[in-house]
Amino acid sequence: MTLQVHDELLFDAPPTEVEEVTALVKHEMESVITLSIPIVAEVGQGPNWRDAN
């Protein structure tokens, strides 16, 4: 993890590992605790923070 700003996390990863890191982070963020309503983590990727969708 490179940066945390409020509720956003920024990770840097080699292009060959982006899919694996994305899946891992999304899974961990959504399953950290069990609540009566689901926790949904949105994931974007891009060459920089502004362009990550």
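Would you call residue 53 of a type in the set (S, T, N, Q), free of Cβ contacts under 8 Å to residues at least 12 places away in the same chain, within 15 Å of residue 2 (Cα to Cα) and in a loop (DSSP other than H, G, I, E, B)?
No, not satisfied.
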Among the residues that make up segment 3-17, is at least one of them at positive phi and modelled with pLDDT under 90? yes
I'd like to check something: does segment 14-30 contain any residue that is outside any helix (DSSP H, G or I) and surrounded by 11 or more Cβ atoms within 10 Å (Cβ to Cβ)? no
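The values are calculated or read from the model by the stated rules, or taken from the named source; none is laboratory data. Because the structure is predicted, anything quoted here is derived from the model rather than measured. Using ideal geometry, Cβ is built from the backbone for each residue, glycine included, and neighbour counts are taken over all protein chains shown.
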